[in-house]
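Only one structure is covered here, and it is reproduced in the block below.
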Amino acid sequence: MKRYGLFGGSFNPAHRAHRALAQAAVAQLGLDELVVMPAGQPWQKAGQPMAEGRHRLAMLLLQMKGLPGVSVSSWELDRPEPSVSSDTLATLQTAQPGAWFLVIGQDQYARLSTWRRVDALLAACTLAVVARGSEAIAPDPALPPHRAQALAMPADAISASGVRAAILQGADISPLVGNEVARYIAQHTLYAA
């Protein structure tokens, strides 16, 4: 049976920790393919400033370029409905039957019961939860029984909000996002005041 993973997020912008996580997920989970997908309309981030989907997709393609076993999908961006992980996973499973993992961070795991149709999501996959450094994974206590395993990642304090703040301060963001993504952000004046 083939093994697949889904790694979604706003990727606003995609940065070095996203790339490192994709590499770790493929290696540690033994995945045949990891699908990395920017959210079209992330309903839990409504009202937050967000680069257009086409820009987030372009930056993600640059960030993930050359990673074996990793593909980038625009499926959620192409839909008019808000992004719901259980719907996305069901569509992917129909197209590619196999064992599926959903890659999420500990911050998401701690509040997963707030997600839409979480019961269907948990029944359809194994959660692969990112524990940074020596952090332990701890589930949302409101979750029903489910399958989960930890993904080990070195501690890295980078965040998309930190990258956006660095841009506003005029700092060189290439160490955070790589040269190609930094160039893309500059060319399109993304996240500037």
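Quick notes on this structure:
- Residues in the stretch 3-20 that a label on S159 would reach, taking backbone N under 15 Å of a point 7 Å out along Cα→Cβ: 10-13, 15, 17-18
- Across the chain, the mean sequence separation of Cα contacts (distance under 8 Å, 6 or more residues apart), normalised by length, yields a relative contact order of 24 percent.
- Set of the stretch 63-104 residues, backbone N closer than 20 Å to the point 7 Å along the Cα-Cβ line of S113: 85-86, 104
- Taking GluC sites (Glu not before Pro) across the stretch 3-100, the ones in a DSSP loop with at most 12 further Cβ atoms lying within 10 angstrom of their Cβ are E52.
- Estimated inter-spin distance, E52 and Q93, nm [label 7 Å along Cα→Cβ]: 3.5
- Anisotropy class of the stretch 1-158 from Cα gyration tensor, a/c 1.5 cut: rounded
- Summed side-chain charge close to Y4 - residues other than Y4 whose Cβ falls under 10 Å, Lys, Arg +1, Asp, Glu -1: 0
- C-alpha center-to-center spacing [the stretch 68-114, the stretch 1-29] in angstrom: 11
- Label-point separation in nm, A142 to L168, each point 7 Å along Cα→Cβ: 3.0
- Helical contribution to [θ] at 222 nm, DSSP H n ≥ 4, -39,500 (n - 2.57), averaged over the chain, rounded to 500: -10000 deg cm²/dmol
- For the stretch 80-193, the square roots a ≥ b ≥ c of the C-alpha gyration tensor eigenvalues yield an a/c of 1.5 or more together with a/b exceeding b/c, which makes the shape prolate.
- Using the Karplus relation 6.51 cos²θ - 1.76 cosθ + 1.60 with θ = phi - 60°, the per-residue 3J(HN,Hα) values for the stretch 82-89 come to x, 6, 10, 4, 5, 5, 4, 4 Hz, with x marking Gly and Pro.
- Percentage relative contact order, the stretch 16-118, counting C-alpha pairs under 8 Å, at least six apart: 30
- Taking packing as the residue-averaged number of other Cβ atoms within 10 angstrom, the listed peptides 81-93, 144-156 run from highest to lowest as 81-93, 144-156.
- With a cut-off of 19 Å on the backbone N, the residues of the stretch 72-87 near the modelled label site 7 Å out from A120 along Cα-Cβ are 75-87.
Only the coordinates and a few stated rules stand behind these numbers; no lab work does. Just so it is clear, the model here is predicted, and its values are computed rather than measured. Glycine gets a Cβ as well: all are built from the backbone with ideal geometry, and neighbour counts include every protein chain shown.
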